[in-house]
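Novice: One structure is given below, represented as structure tokens, and several questions about it will come after.
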Amino acid sequence: MDDMKVNQNPKLGSIDRPNSYIGRSLPRENAKKHLDGGGQFVDDLVLPRMLHVAFLRSPFAHAEIKSINVDEAKKSSGVFDVYTAKEIDEFCKPWVGTLGHLGEMRSPEQTPLAKKTARWQGEPIAVVIANNRAQAEDALELIEVDWVEKDAQVDMETALDENAVIIHPELGNNLFWTRTVNQGDVVKAFEESHEVVETTLDFARHTGVTLESRGIVADWNKAETKMTIYHNGQAPHMMQHIIAKHLDVNEGLVRIVSRDVGGSFGIKVHVYPDEMAVAAISKKLGRPIKFIADRLESFTTDIHARCHKISGKLGVDKEGKILAMEINDLSGIGPFSMYPRTSAIETNQVLNLSGAPYIIPNYKAVGTVVFQNKTPMCQYRAVGHPIAVAITEALIDKAATKIGLTLDKIRKINFIPDNAYPNKCPSGVPLEDLSHQASMDKLLGMMNIAEIEKQKEDDLAKGVLTGYGVIAMCEVTNPSPLFYGVGGAHISSQDGASIRLEGSGAIHLSSSITEQGQGTEAIMKQIAADQLGVSMDTVRVTLGDTDATPYGGGTWASRGAGIGGEAVLKAARTLKNNILDIAAAIMQTNKDTLDIENNVVIRKNGEEGISLQKLAETVYYRGHEIPKGTNPELLATASFLIEGIPFVFTNSAMGCHVSIDQDTGIVKINKFWAVEDCGTQINPKLVEEQIKGGVVQGIGGALFEECVYDDQGNMQNATMADYLVPMAYEMPDIIVDHVTTNSGRSIIGAKGAGEAGTGGAPAVIMNAINNALGKVGSEVTSQPITPEKILKSLNKI
Amino acid sequence: MSIKNSANISLSVNGESFDNVTVPTRQHLADFLRSQGLTGTHLGCEQGACGACTIEMDGKAVRSCLILASQANGSLITTVEGFDDEVMEKVKINFLKHNAFQCGFCSPGMLMTTKEIISSKKKLSRDEIRSEISGNYCRCTGYQSIVDAIEESINEIN
Amino acid sequence: MKAPDFSYYEAKSLSDAIKFKSQDDEAVILAGGQSLLPALNMRLSSPSCLIDISKLKDLSEIKLDDNSIYIGALATHNQVMDNSIIKENFPSLIEILKMVAHPAIRNKGTHGGSIAYGDPAAELPAFAVANNAKFILSGLNGNRTVEANDFYLGLFETDIQPDEILVGINYPLLKSNEKIVFEEVCRRHGDYAMAGLIAKVQINQSVIENIILVFFATGDRPNLTFNTSELVVKNGYDYSSLKKSLSSEIDFAGDLNSSPPMKLHLATILIGKILKKLEN
């Protein structure tokens, strides 16, 4: 184990112990099955009497459904039946995607299938149930729909105009939600500023493109009145509640199973109308029903995200200290707010997190979210962060240029100092245990800016435009009940771990956190084995099954390690304590003289005591040998939640170096650096991989990805060839390093690390590009920063 | 001559013979393999763009979603379930070492492409490796760890 | 994304395939399938029958004779890239094929398939036009030869008759003073280009005597230019005048990644790029 990266948290014990696993970059032995084709994804599941569905979806962004004739479709070969809203609504109650803690939020009821009106291209209106997917799709072509196409509202900037197309007449206008944050007095502060800079940025809608698409197998067992759902979702207990509530099933008899998931990034944490329809069909028919979204469906029905236009203003004094920041953000969602987390959260995070690393005494932020006739929008990796960080860091770069400060200097003089915590964001959200100064210093050490600056001048002389950027950011992780639960959502903030020593000496661990490839199982194993004193291969883990795991929230908002990990730590310590109690009784000695190492209870002076296997055998099979009154307990359960603050934040500093081809407009990312402070890293390699994967996803948003719509609300690039996801050739090697400030909120001290890369990359890339373009007096303000936009900014076209 | 909407095919998959199996003519090879329980071959786009379905057919890497099962009559197929020779075992060790996969959905296709890279016996630079895997989509890793694993495999094996 | 129902027929010979195709105007030829199958999976096409010619081995021959290279229509891209005749006599084709999709696609996609499909964003149709290639079509009435430049009639519209199958492509051998250079601009490696240029140049002692310019991903078919080529020979690279000439010669059609003005700009700078390539 010597050559592995180790990140030490002294609270957890010495790294010299034989079972010191926390902080080590161990390979994920449990995941090796994926290299042998042994993954078990939803589409791999085949159940007896299972039927397949395909949905007829609206080809129009906005249209009236005058009639649907399914007679011919029903006769199609292999078809079991064809349903419209009429049949589905009998088995599934509608829902509303609003919460109570964010002020007034208006969204109408939504049903699994559209009834009289389709409000987005892709909205399901009918469903064919057949022996296989191909036959179901054949029948779709035979469904006759009498459509009356309506005008569509597809421009968020005109959605509140007088002549806008009102999507929900009963609401009177297209406003979903608005919020204003006002700290201090920005008007006065701007007046007093030495320099004021402004910019307006826009970000295109884009989407997750998980390689494994959304999928569900719903299996209603009539005899047991039990609904089992195999689902590649992130939050099984949340789904358990929602299925029970809307399908009128006893919640205790709903079982949600999430096996292997082919990537999620937030896409699969939401409630989708087509998936609810599948559950309803199973309830109606009493047979397993499978739905796998194909790639074309995924593009127009997976949630979209990040469509924002944001104007920002920053005022600084003579020394470059920020006196005020003001932002005004507009975002366009779909025709409904997504359930149950609402489509307000992304904008809310923009308002909460803009300026987060800095001391900004006067801050005003206005957010407006409007309905559109486009695919619904909701949380996707690094929710809101790309926009918040980009606007903040763009304004700071502009201020630096105006004042004549270097990019790093202006940031350093405005950071909340590392020793000034607890503190608050400009918006008022509490901050703790951050390290912007140390992280930026580390980043600068990695980047060698002096050399970059010199190279830039050399490059310019040769006609090559190069530039660099540095940014700082905070990332939301480990949320408390103040995120969703407070608003009425049945989304748990408390997670649990249950651990037991079995008769064979094996350890079984179950956790309410789920796995989508980030390494949940691996790190839970490391924590349990480490704290117990057993070898890694002794521990097996059960995740993703509401019948078999403790109750909890699942994986989202980078909460797995910090919340779930702490629960595992506590449960393991309790079990260890119980084991030592029993061992002490058996060995007739003081518990304080004992420890556990490599699956054996040992005396601290090194003498062997009793193996865990023998101890377990004694407890289970020959309990009469144990001294009376010992009450041996080889099972322990513990929970953990964050209290008192809404989130535990991490911080990152990122840098990048770009080249711009002035003839083609193509941007090359030469180098990318990231310094991440996420507290204790349970497995440093896995943290590093989250950063790298996250950065590449952020590069996608910065340079390549957008959902292109025509003015009728039709998505133009809804195929894998046309929607540009990052592929290997264009991506840089990314250099990652760390500062470590453990979270004081837990023993394990781990914060989340899953989203910072995606949250910060768009900002630093845009800044680097503008750093380059600034040399020739131009700039870009719109993401994705395509070659066409670069060429336009250079006046080549 | 008779033309039906189904065909009878015989082929070998990972050394196992499939004799006179009836397949719908429109069924692609990926769906056929998956219907036989070989679910390691994944579908990500059914357009040939994502690479998740890449398998070995008659010694060459191909997109199994762009081949009809009917066309595979008489063919020798190897899927990820059959990548167990000495070379691929070394590759898998490196993939595990570098955490060159997270969710695992792209891995079968990525391993197939790697198999072809290694068979070419060429010593590739990191840029060239990136070019070779540029047809395999991965959303989780950002590709760097995959390049690391392939680079180490090339150095070790070739 | 499951294909609609169709029947499948494995052709026993070329004449068998031709006979079949001529009897059913809704039947389509299956060669490599790398363009056909995506269209079927997306239900953009519902043929009655797929006539599989991919196993007709004699249609994939690559031959060299006195003044031409013959590439059988069913030679896959990777077969062409690995072929010694091509390596020795036509290395530029190999460089171009490296830009086509990705290795697994190239293991199945055929030379003739790409030529016959005529995607305006594809490299091979433009390559064929630049080389003044001759296409051999085989139909009920025997063989017919069509010059590449006469073959592409419009967007995905070619001169192939309902009973015909493309069987081979003849490329004239390059003379000692002839060179082929190409450049393209694409968003991601292997994608269709935003704009591309294949040029066949006659050079005499570093002076360009003649240049054939064929652009792709610019309009509805390969765009062969005349006035622009003359200007290049006369004056070398001058951005404004070449841009002006191109705008009058090509009806630029925009796509998702580049508007017509951008394609016009890219086409212009591509000329500069290939001239630079020639210098080196």
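Novice: Can you find a residue in region A:293-300 that is in contact with a strand residue (DSSP E or B) (Cβ under 8 Å, 6 or more places away or on another chain) and over 18 Å from A:PRO335 (Cα atoms)?
Specialist: Checked against the condition, which is being in contact with a strand residue (DSSP E or B) (Cβ under 8 Å, 6 or more places away or on another chain) and over 18 Å from A:PRO335 (Cα atoms), region A:293-300 yields at least one hit.
Novice: Something else now. For region A:331-416, which helices (runs of 4 or more DSSP H) that fit wholly inside it have 1 or more residues that are under 30 Å from A:THR117 (Cα atoms) and either out of contact with any strand residue (DSSP E or B) (no Cβ under 8 Å at 6 or more places or on another chain) or free of Cβ contacts under 8 Å to residues at least 12 places away in the same chain (or both)?
Specialist: A:345-353
Novice: Okay, next question. Can you find a residue that is open to solvent by 20 Å² or more (accessible area, probe 1.4 Å), touching an Asp or Glu at 6+ places or on another chain (Cβ under 6 Å) and not aliphatic (A, V, I, L, M) anywhere in region A:520-541?
Specialist: yes
Novice: Condition first: closer than 24 Å to A:ARG259 by Cα, open to solvent by less than 10 Å² (accessible area, probe 1.4 Å) and within 12 Å of chain C (Cβ to nearest Cβ). Can you find one or more residues in region B:140-149 that meet it?
Specialist: No: zero hits.
Novice: Still on this structure, please answer the following. Check A:VAL181, A:VAL165, A:VAL145, A:VAL196 and return the single one that is surrounded by fewer than 24 Cβ atoms within 10 Å (Cβ to Cβ) and touching a Phe, Trp or Tyr at 6+ places or on another chain (Cβ under 6 Å).
Specialist: A:VAL196
Novice: On to the next question. Of all residues in region A:57-80, count the ones that are outside any loop (DSSP other than H, G, I, E, B) and closer than 20 Å to A:PRO273 by Cα.
Specialist: Number satisfying all stated conditions: 5.
Novice: Do we have any residue at all in region A:652-662 that's away from chain B (no Cβ under 11 Å), assigned to a strand (DSSP E or B), modelled with pLDDT of 95 or more and open to solvent by 20 Å² or more (accessible area, probe 1.4 Å)?
Specialist: yes
Novice: May I pose another question? Of all residues being within 12 Å of chain A (Cβ to nearest Cβ) and in a loop (DSSP other than H, G, I, E, B) in region B:13-31, which is farthest from A:ARG214 (Cα to Cα)? Just the residue, please.
Specialist: It comes out as B:ASN14.
A quick yes/no check of all residues on (1) farther than 30 Å from A:ILE491 by Cβ; (2) touching a Cys at 6+ places or on another chain (Cβ under 9 Å); (3) assigned to a loop (DSSP other than H, G, I, E, B):
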residue	(1), (2), (3)
A:HIS52	yes, no, no
A:PHE55	no, no, no
A:VAL82	yes, no, no
A:GLY97	no, yes, yes
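Novice: Just wondering, is there one or more residues in region A:298-315 that are closer than 30 Å to C:ASN41 by Cβ and more than 21 Å from the chain's Cα centre (by Cα)?
Specialist: no
Novice: I'd like the residue in region B:32-44 that is touching a residue at least 24 places away in the same chain (Cβ under 8 Å) and under 13 Å from A:ASP294 (Cα atoms) and, out of all such residues, is farthest from the other protein chains (Cβ to nearest Cβ).
Specialist: B:HIS42
Novice: So, in region C:190-207, of the ones that are aliphatic (A, V, I, L, M) and within 10 Å of C:ASN177 (Cα to Cα), which residue ends up least open to solvent (accessible area, probe 1.4 Å)?
Specialist: Of everything passing the filter in region C:190-207, C:VAL201 is least open to solvent (accessible area, probe 1.4 Å).
Novice: Sticking with this one: Assess whether A:VAL42 counts as being surrounded by fewer than 17 Cβ atoms within 10 Å (Cβ to Cβ), within 14 Å of another protein chain (Cβ to nearest Cβ) and within 30 Å of A:GLU137 (Cβ to Cβ).
Specialist: No; evaluated as a whole, the condition is false for this residue.
Novice: Just checking, how many residues over region B:114-139 are among the hydroxyl-bearing types (Ser, Thr, Tyr), closer than 13 Å to A:TYR729 by Cβ and within 11 Å of chain C (Cβ to nearest Cβ)?
Specialist: The number of residues fulfilling the criteria is 3.
Novice: While we're here: Out of the residues in region C:167-188 meeting the condition of being over 30 Å from A:GLY665 (Cα atoms) and open to solvent by less than 30 Å² (accessible area, probe 1.4 Å), tell me which one is farthest from the other protein chains (Cβ to nearest Cβ).
Specialist: My answer is C:GLU178.
Novice: Based on what the data block shows, is A:ILE345 under 22 Å from A:LYS309 (Cβ atoms) and either of a type in the set (A, V, I, L, M) or surrounded by 24 or more Cβ atoms within 10 Å (Cβ to Cβ) (or both)?
Specialist: Yes; evaluated as a whole, the condition is true for this residue.
Novice: Can you pull out the residues in region A:698-734 that are crowded, with 23+ Cβ neighbours inside 10 Å, at the interface with another protein chain (Cβ under 7 Å from one of its Cβ atoms) and not in a loop (DSSP other than H, G, I, E, B)?
Specialist: Matches in region A:698-734: A:ALA728, A:ILE734.
Novice: Now a separate question. Identify, by number, the condition in (1) more than 16 Å from the chain's Cα centre (by Cα); (2) more than 24 Å from C:ALA17 (Cα to Cα); (3) not hydroxyl-bearing (Ser, Thr, Tyr) that B:ASN8 doesn't meet.
Specialist: (2)
Novice: Next question, about the same structure. Starting from residues that are outside any loop (DSSP other than H, G, I, E, B) and within 26 Å of B:THR114 (Cα to Cα), keep the ones in region A:23-39 and report whichever is farthest from the other protein chains (Cβ to nearest Cβ).
Specialist: A:ASN30
Novice: Filter region B:45-75 down to the residues that are away from chain A (no Cβ under 12 Å), part of a loop (DSSP other than H, G, I, E, B) and surrounded by fewer than 24 Cβ atoms within 10 Å (Cβ to Cβ) and list them by number.
Specialist: Hits for region B:45-75 are B:ASP58, B:GLY59, B:ASN73, B:GLY74, B:SER75.
Novice: Being within 14 Å of chain C (Cβ to nearest Cβ) and either surrounded by fewer than 19 Cβ atoms within 10 Å (Cβ to Cβ) or touching a Gly at 6+ places or on another chain (Cβ under 8 Å) (or both) is the filter here; which residues of region A:772-796 pass it?
Specialist: Selection gives A:PRO784, A:THR786, A:PRO787, A:GLU788, A:LYS789, A:ILE790, A:LEU791, A:LYS792, A:LEU794, A:ASN795, A:LYS796.
Novice: When the residues of region B:97-109 are filtered to those that are within 11 Å of B:SER145 (Cβ to Cβ) and under 18 Å from the mean Cα position of the chain (by Cα), which remaining residue is nearest to the other protein chains (Cβ to nearest Cβ)?
Specialist: Restricting to residues being within 11 Å of B:SER145 (Cβ to Cβ) and under 18 Å from the mean Cα position of the chain (by Cα), the top hit is B:GLN102.
Novice: Looking at A:SER311, A:SER264, A:SER213, which one is of a type in the set (S, T, N, Q), at negative phi and open to solvent by less than 10 Å² (accessible area, probe 1.4 Å)?
Specialist: A:SER264
Novice: Only one residue in A:SER14, A:SER67, A:SER77 is open to solvent by 40 Å² or more (accessible area, probe 1.4 Å), without any contact (Cβ under 8 Å) to a residue 40 or more places away in the chain, among the hydroxyl-bearing types (Ser, Thr, Tyr) and on the phi < 0 side of the Ramachandran plot. Which one?
Specialist: Within the list A:SER14, A:SER67, A:SER77, the selection yields A:SER14.
Novice: Restrict the check to region B:76-96 and report whether at least one residue is touching a His at 6+ places or on another chain (Cβ under 9 Å), in a loop (DSSP other than H, G, I, E, B), surrounded by fewer than 24 Cβ atoms within 10 Å (Cβ to Cβ) and facing chain A (nearest Cβ under 10 Å).
Specialist: no
Novice: Being open to solvent by 10 Å² or more (accessible area, probe 1.4 Å), more than 25 Å from A:THR555 (Cβ to Cβ) and either free of Cβ contacts under 8 Å to residues at least 60 places away in the same chain or in a helix (DSSP H, G or I) (or both), is that true of even one residue in region A:752-771?
Specialist: Yes - at least one qualifying residue is present in region A:752-771.
The values are calculated or read from the model by the stated rules, or taken from the named source; none is laboratory data. Everything quoted here is computed from the prediction, not taken from an experiment. Note that each Cβ is placed from the backbone with ideal geometry, even for glycine, and that neighbours are counted across all protein chains shown. Protein only, heavy atoms only, side chains kept; ligands, DNA and RNA dropped before computing areas. Shrake-Rupley method; radii C 1.70, N 1.55, O 1.52, S 1.80 Å.
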